[in-house]
Each structure stands twice: as structure tokens, then as C-alpha cells.
Amino acid sequence: MFDYGFTEEEKMIKDLCRQIAEEKIRPHSQEWDEKEELPENILKTFAESDLFSICIPEQYGGMGGGLVDLCIATEEISRIDGGVAASYAASFLGMFPILLFGTEEQKKKYLPEIASGKKLAAFALTEPEAGSDAAAVTTRAEKKGDKYILNGLKHFITNGGDAEIYTIIALTNKNKGPRGISAFIVEKGTKGFSFGKKEEKLGIRASSTRELIFEDMQVPKENLLGGKEGSGFIVTMRTFDQSRPGVAAQAVGIAQGALELAVSYAHNRMQFGQKISSFQGIQWMLADMAAKTEAARALVYSVARAVDRGEKNIGPASAAAKLIASDTAMQVATDAVQIFGGYGYMKDYPVEKFMRDAKITQIYEGTNQIQKIVIALDLIKRYGK
Ligand code: COS
């Protein structure tokens, strides 16, 4: 791996996350995947190591770092377990709307709790009929006096049930299209807020995915994000602009983990009287896997740096990072299973999990087909004369 000009602080985060992942996650990864559980211990370890404070400004209890730090941490955790990384990164997905659009009071109230790791966050947009079509949400929020009353259902929510703080997207005016959507900060335990089915998933199984149910849920008007109705769609799009490089970093970590397993296996597996790593066919596969992973990594960190520099119109680049990195992860993990041969297909070996975990990175926070739409619409805007 190249240096990427990481600062001393960034290198420290990388080393710390690698150590935590190797010592505290690797020994349990298979068990957590099988049982579909994420023990609180590991979240506590992240909290004690200040990993939830990455990306959050110092005045709100954070370390004041940027997206590069978050990508480094997410990549390192994913190199061992993409499911644990999903829960970790999803807390930032719930946090970004508050950081980007919250009022000063909202930031002061919620960001320190998230930064300390005392409270996990989650982002709730998706509904049974609103996935790629983000503007099609039907969860309603009606203003009554000094409260909003929310009714509806969200599904496929990462950290659903485990998180204490939720950013929820709901309709405040159904006649205004994307401009009739608003965002709310809602705490677990709010009257009328309950959890439905926990999903059983193909991959990232350590991480919880649940339905959220709102039945006359009463949300104080102070919890309307940014204090303004109608900004929910832009909140969602700008949040994804920030969070998609994190999914891309998760994908790079999964690709790296699968690649390392494949090299090690190829170097030990004897067939036809020699190590299979001595066959050029295997060497070419490994070289392709390594080159693609490095290319994806280079894109992820250059986009994350651009976000940290405050560059505008970052959406298409974020989409490109997620598109390239997730397709790379899927291909590299599939090739890693191929190199393991029959053993790769068996659960006794860790590599099949990487293939299962890779798949979601092509789907969540916008399918890769949606990323292509984001990229294409930008191209047309700029060059479609
Ligand atoms: N930043 C700021 N504004 C943005 C934006 C961005 N990244 N993307 C869109 N907007 C604005 C547009 O400029 C437009 O504003 P005007 O009405 O002033 O022109 C408004 O938002 C509506 O945009 P658009 O017409 O493009 O909306 P669409 O409904 O056609 O949405 C896509 C387009 C497909 C890009 C959007 O629906 C999307 O990203 N979907 C994927 C959602 C997703 O990721 N779901 C998975 C959830 S898993 S957590």
C-alpha cells in the first residue's frame, strides 16, 4: 500500500484501528457473523479509543478530524469484519445530517453524546416503497401545536434498535415533491416509536438491520432538523455525498482482507507438487486483485481529502468512489473464493464471508446504478451543450 501522505495523526488512527481489529474483532468475527450479533464490548472499545469522535468538531466533543480519518478507521475495521464496520460507519451516517444541517442547540445537544460513543446513531430514509426513489417516502409528519406527529414505517435501517439517536426523513407537505420532505432527530424511547422485524441478512451480519415503526409518535418541534421544514431531501443528498466515501472505504477494506487471505492460502496450498502461488495463472489473478484494490483506495482517499478541503459539488466524485470501490470489493472477494477453490465455499474458512459482506456495498446508500445516475446527470449538466 502507498503512503497517501497520511499525517502522523492519521497513521496513529490506522495503527490503532488495525490493532483493535486484529485483537478484538478477528477472534470473534465468525461467531458474530453466525449469531448475527454485535456485542456491546466492541462498541465500548471503539468509544474508549475515541473512534466515534472522529470527524466531529472539537467544540462538540469530537477530535476535530475529517472524512479521511473516518475512511481510515472504516477501512481497517472492514479488513477484518465488514459487519462491525457497517454498524460503526452507520452511526456517522446518522450523525452527518446533524453536523451539516443542525441548529447550534441541536449540535450541542446530540453531537457530544455521539462523539463519546455513549449513544449510537442511525439514519432512516428507506421505506418499503422508497429506496432508490428517495423522494417517494410516505412517512408523514403533521405539525400539531409545538409537536410533530409522525406516522409510518422505515425498513432496512442499519443500527435500528441499537441506536439511541435517529435522523428520520418524513413528509411534511405531500404536495411539494422533494421540497415537502423534512428531517427530524428522534430519540429511542420516544412515545409511539417501536421496532419491528430484525432482518436476517446475507452479509454484514454482525450489524443489526431493523424496521422502525412510528404510531402517533410525538416529536418536539425543536427536533425538526435545522428548524426548517422542506430541507429533508437536500439533507439526504448532502449526507450521502459525505457518507458514500465511507462505504467505499468499507469496500476497500473488504477487498484488502480478501486479498490477504487469498495470497496466504495460495502460498501454502500445494497442488501438482508445488505451491499454487508459483503458477502464473494464480499470480495474475492476485496481481489484478491487488492493482484494482489500490486504484479504488487511491480514489477513496483523494475524494475524502477533497471533502475535507471543503470542495463543492462533491456528489459525483463520492458516487464514483462508491461505485468503483464496491465493484472492486465484489470482484476481489469472488476471486479470493475462487483461489481457495472448494475450501473457499465452506464456512470453515473465513473467505466466503468477505464475498457475502462485499455485496451490500454495491447496494446500500444508493445502488451502483443510482451512483451512475448521479455521475451521468453531472456530466450532462457540465458538458451537455
Ligand atoms: N446536493 C444538493 N442538492 C441536490 C443534490 C446534492 N447532492 N442532489 C440533488 N439535489 C437537489 C436537486 O438540485 C434538486 O433541486 P431543485 O429542485 O432546486 O432543482 C432537488 O435536489 C431534487 O433533485 P432531483 O430532481 O435530481 O431528484 P430525484 O428524485 O430525481 O433524485 C437521485 C435523484 C436518483 C439522485 C436521488 O433520488 C437519489 O440519490 N436516490 C438514491 C437514494 C438512496 O441512496 N437510497 C438508499 C438509501 S440506503 S441509506
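The values are calculated or read from the model by the stated rules, or taken from the named source; none is laboratory data. No experiment lies behind these values; they were computed from the predicted model shown. For neighbour counting, all protein chains shown are included, and Cβ atoms are generated from backbone atoms with ideal geometry for every residue, glycine included.
Miscellaneous remarks
- Residues within segment 346-385 that are assigned to a helix (DSSP H, G or I) and either loosely packed, with under 14 Cβ neighbours inside 10 Å or within 11 Å of the ligand (Cβ to nearest atom) (or both), tallied: 17
- Of the residues contained in segment 59-76, one or more are found to be within 16 Å of the ligand (Cβ to nearest atom) and either free of Cβ contacts under 8 Å to residues at least 60 places away in the same chain or in a helix (DSSP H, G or I) (or both).
Residues checked against (1) among the β-branched types (Val, Ile, Thr); (2) within 19 Å of the chain's Cα centre (by Cα); (3) modelled with pLDDT under 95; (4) closer than 17 Å to residue 99 by Cβ:
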position	(1), (2), (3), (4)
181	yes, no, no, no
207	no, yes, no, no
219	yes, no, no, no
226	no, no, no, yes
231	no, no, no, yes
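- Scanning segment 131-166 for residues being part of a loop (DSSP other than H, G, I, E, B), of a type outside the set (S, T, N, Q) and more than 10 Å from the ligand (Cβ to nearest atom) gives a total of 8.
- Selected residue (criterion: surrounded by the most Cβ atoms within 10 Å (Cβ to Cβ)) from residues of segment 94-130 that are free of Cβ contacts under 8 Å to residues at least 24 places away in the same chain and within 13 Å of the ligand (Cβ to nearest atom): 130
- Residue within segment 94-109 that is over 14 Å from the mean Cα position of the chain (by Cα), small (Gly, Ala, Ser) and assigned to a helix (DSSP H, G or I) present: no
- Residue match in segment 3-18 (condition: out of contact with any Ser or Thr (no Cβ under 7 Å at 6 or more places or on another chain), modelled with pLDDT under 95 and among the small types (Gly, Ala, Ser)): yes
- Out of 38, 43, sole residue that is crowded, with 16+ Cβ neighbours inside 10 Å and over 30 Å from residue 346 (Cβ atoms): 43
- Residues that are within 14 Å of the ligand (Cβ to nearest atom) and in a loop (DSSP other than H, G, I, E, B) were ranked within segment 174-200; the one that is nearest to residue 135 (Cα to Cα) is 176.
- Any hit, segment 260-267, residues being under 24 Å from residue 11 (Cβ atoms), at pLDDT 95 or above and either in a helix (DSSP H, G or I) or not hydrophobic (A, V, I, L, M, F, W, C) (or both): yes
- Screening the candidates 325, 333, 329, 319 for the property of being away from the ligand (no atom under 16 Å from the Cβ), touching a helix residue (DSSP H, G or I) at 6+ places or on another chain (Cβ under 6 Å) and under 16 Å from residue 245 (Cα atoms) yields one hit, 329.
- Filtering segment 219-257 to residues that are closer than 19 Å to residue 133 by Cβ, assigned to a helix (DSSP H, G or I) and not acidic (Asp, Glu) leaves 232, 233, 234, 235, 236, 237, 238, 239, 240, 243, 244.
- Residue in segment 230-257 that is nearest to the ligand (Cβ to nearest atom), counting only those that are among the β-branched types (Val, Ile, Thr) and under 20 Å from residue 170 (Cα atoms): 234
- Considering the conditions (1) closer than 22 Å to residue 368 by Cα; (2) not in a helix (DSSP H, G or I), residue 117 is excluded by exactly one of them, (1).
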